[in-house]
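A quick write-up on the structure given underneath.
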Amino acid sequence: MVLAGQVLSASRSSEASTRLNASLGLGASLGVSHAFDQWRSLVDYSGFYIAAETDSLGNCRSVMVCHTLESGCDLWACLPLITHDPIKSILAQPAPEITQRTIQIACHDSQNRWLECSAHYFSLETGEPRSLLLVREITNEQQSALAFQQEKLRAIAYERFQFSILELILKEQDAVRILEKMVRDIEAMHADVYCALVLTKNLGKLVQTVIAPSLPQALLQTLRQLQLEAGNGSLATAIAIKQRVIVENVMTHPYWGNHREAALASGVQAGWSEPILNADGEVLGAFAIYYRQPQTPSALEQSMIEQATKLMSLVVDRHLSQESIQSLAYLEPVTGLPNRKRAYEVLQQLRAQPATDAHWGVVYIDLDHFKWINEAHGHAAGNSLLQQVAERLQKVAEPHFTACMGGDEFLVLLSGLAASADKALQQLLSMQRKLQKVFERPFKVSGQKLPITASMGLCSFNDISTGDTDYVKAADIAMHKAKQGGRNHACVYQPGMQTEIATQVMLETELREAIAQQQLRLHYQVQVDHTGRPFGAEVLLRWLHPQRGLISPLQFIAVAETSGLIIEIGMWVLDQACAQVALWQRSLNTRELSLSVNISARQFCQANFVAMVKACIQRHQINPNALRLELTESVLLENVDDAVRIMAELSQLGIQFSLDDFGTGYSSLQYLKKLPLYQLKIDRSFVNDIVTDSHDRTIVRTIIAMAQSMYLSVIAEGVETQEQMELLLNNGCRRYQGFLFGKPMPIEQFNDWLQEALV
């Protein structure tokens, strides 16, 4: 398959739009034409694209435009074979209210490409159904980012869904109304799915009620007459064996042999079912999700729907006690610990007690870099880790109250501390040290040992007249202060912290706005050899604030790291750097220049980091040898084996790696010899006083000797005087970066400077 073509020209697009409008019915013309125009605006220079008109059986009536710019070409010959069945599955309109469907298909070729395929339904003036099929290539980076964002939004939606349904269960007596709302809400949270809930009688032997407000008639009628036997469809099998059943493709799976016609008529390609059981394990029915294309649910989807069926069992089984409902409302579902709501109630109960001199204490715990675990190992591994953390914390904190405040945040509430404030604080610190030891042993997840640390905030009190939420908030603020101190720390709340944290929150808000408003800028600082000739540059990030002017990264990078914005910012910087390398490589004077880009820890640990870098290089068509990625020792030490794997894969492309700030961390040969490095970078802290400080000179000499013995290039940053350069040169360092040679400057100014320097 050829996945390269020319951009869709304006004249060609106009002809296609004219032909499209001529073939549409009047009622559908505007909507489908708008969809075509929007699609056309997304087609890029290197993309694969096809726009065609088909009938409901997938027969191509005309190809309006495609990447070869030849109309009338064979639609199915142009498309990869792997896409044929999924695309044909969306060409038939499943219901009148559905006007379009979109799927994304992995081509599984050497370049990891994805195709986005959309079918927009309309009718000819004769009433004959037609589809406008729009296909375009999207990058793996775009697909991964979109999937991650959708998964994140879906998780938030499920959390809101769960609490809203729990409230409804407590208020609403009509079980059918509650279940109908649950089915509709779940459908609203997933694209291109139908949901069905089947209730049974006679201990799961017969269908009693089918609740499926959106299910097409053919499949709905099948469910109403369903024989509840194993092998007779995924839903009947789930009820019969009391286990989850996942069918990736109903057209090939043996369970669906009797129901393929109904599935085809309903536009259903995949389905899975979860049995609904009561507290004694007796089957009450099953909940099913039917997909409009072959696929399996993600681990997150499985976890979420499992929680939904538990709620359904509460509604269906009216014999469950009120305590069971209340218990679920007050428990965090992953860990089984009391949740945030229950924690506040316990604090309220403390407030209602008769006043005493005794103190209370709050320890607020947040796992460090937990998001990295989810990103690298998946949500199932993350949930397993949370459960183990909860078990250890509860055991250590007993008999005190332990809660999960949501996600990876925990709280321990200590009661009965000493009357003396100083002694109470010592007791609180003693408990904190015990809790910290919980994380000294790694956690075993999916056969792997995962080390993780935690940051903790502490607050002790005995005056509860100001309200219970103040103490949770105070401990939370202290926890954030501990994170700012380098993580794996504890911090006691002090007055004034709240203002400091509020400032950080405001800075994060402004940074988000800066990204949206394109206020971030890139400056370039030259790197030269011992003759003074430029051989490359380092790209440096700046923030041009509309009121405060140019802001140094020292003021906002830490906020970007903790908030996760560094991932988006880092990929933007890398993309801009590759674009600049592409421009340099078109000129004879600058084609040999290299460009160094700093990679953050969060960015490097992304599961799709390698794919995103590869996509960026391919998008700009640059020579990878010109790209140098700078990593710090702390990034590599998070997981040396993973770092070696990632670096080795990118090194095979020709990308070079530089170890930044060398000498300020562990600087251990034990891990250094494992890494496929190209260059060590001497930190400016050693260069500053190299002329006057013999200790710094010794360190620099050692670093240079180490690099030479390992056949690594070495560069010194922060070189500001001729004396510093001469000392570095005399000790064997022949590459430099610093104000002596040039300050960081915008690209326009830097390019002008280069033209003179390279003459």
Seminar exercise, completed: Rounded to the nearest 10 Å², the 1.4 Å probe accessible area of residue 575 is 40 Å²
For this session: Whole Å is fine, so just give me how far the alpha carbon centre of the range 367-429 lies from that of the range 521-566.
Result: 38 Å
Seminar exercise, completed: Full extension between residue 177 and residue 688 adds, at 0.36 nm per residue less the Cα distance, a length in nm of 176.7 nm
Exercise. Tell me, in nm to one decimal, what length is gained between residue 346 and residue 748 on full extension, where the rule is 0.36 nm per residue of separation less the Cα-Cα distance?
Worked result: 138.6 nm
Seminar exercise, completed: Two pseudo-spin positions, 7 Å from Cα along C-beta at residue 653 and at residue 353, lie apart in nanometres by 5.9 nm
For this session: Quick one: dipole size for the range 553-653, taken about the Cα centre, charges +1 on Lys/Arg Cβ and -1 on Asp/Glu Cβ, in debye to the nearest 20.
Result: 460 debye
Problem set entry | Per-peptide average of other Cβ atoms within 10 Å, ordering 258-265, 346-353, 555-562 highest first | 555-562, 258-265, 346-353
Exercise. Ignoring any ligand, DNA or RNA, what whole percent of the accessible area of the range 360-500 comes from carbon and sulfur when the probe is 1.4 angstrom?
Worked result: 49 percent
Problem set entry | Among 453-462, 592-601, the order from most to least packed when residues are scored by Cβ within 10 Å on average | 453-462, 592-601
Seminar exercise, completed: For residue 583 and residue 642, extending 7 Å from Cα along the Cα-Cβ vector and measuring point to point gives, in nm, a value of 3.5 nm
Exercise. Considering only protein heavy atoms and a 1.4 Å probe, what is the carbon-and-sulfur percentage of the accessible area of the range 668-727?
Worked result: 51 percent
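Could you calculate the FRET efficiency of residue 739 with residue 160 from 1/(1 + (r/R0)^6), where r is the beta carbon distance between them and R0 is 45 Å, rounded to 0.05?
Values: r = 53 Å, r/R0 = 1.18.
The value I calculate is 0.30.
If contacts are Cα pairs under 8 angstrom and at least 6 residues apart, what is the relative contact order of the range 370-476 in percent?
20 percent
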Problem set entry | Whole-angstrom gap from the range 186-227 to the range 699-759, using each part's C-alpha centre | 70 Å
For this session: Calculate, for residue 123 and residue 433, the FRET efficiency according to 1/(1 + (r/R0)^6) with r their C-beta to C-beta distance and R0 60 Å; round to the nearest 0.05.
Result: 0.25
Exercise. Spin-label point model (7 Å from Cα, Cβ direction): what's the residue 279 to residue 591 distance in nm?
Worked result: 7.8 nm
Exercise. Carbon and sulfur atoms: what percent of the 1.4 Å accessible area of the range 535-625 do they account for?
Worked result: 53 percent
For this session: For the range 534-580, report the accessible area per residue in Å² (1.4 Å probe, heavy atoms, rounded to an integer).
Result: 39 Å²
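Order 523, 695 by their accessible area, 1.4 angstrom probe, all chains in place, largest first.
Solvent-accessible surface, decreasing: 695, 523.
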Problem set entry | Ordering of 696-707, 360-371, 511-522 by packing [mean C-beta count within 10 Å, highest first] | 360-371, 696-707, 511-522
Seminar exercise, completed: Probe 1.4 Å, all chains present, heavy atoms only: residue 78 accessible area in Å², nearest 10, is 30 Å²
For this session: Keeping all protein chains in position, work out how much accessible area residue 441 exposes to a 1.4 Å probe, and write it in Å² to the nearest 10.
Result: 140 Å²
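The values are calculated or read from the model by the stated rules, or taken from the named source; none is laboratory data. Since the structure is predicted, the reported quantities are computational estimates derived from the model, not experimental observations. FYI the Cβ positions are ideal-geometry reconstructions off the backbone, even for glycines, and counts take in every protein chain you see. Just so you know, the surface numbers come from the protein's heavy atoms only, side chains and all, with ligands and any DNA or RNA stripped out. Shrake-Rupley method; radii C 1.70, N 1.55, O 1.52, S 1.80 Å.
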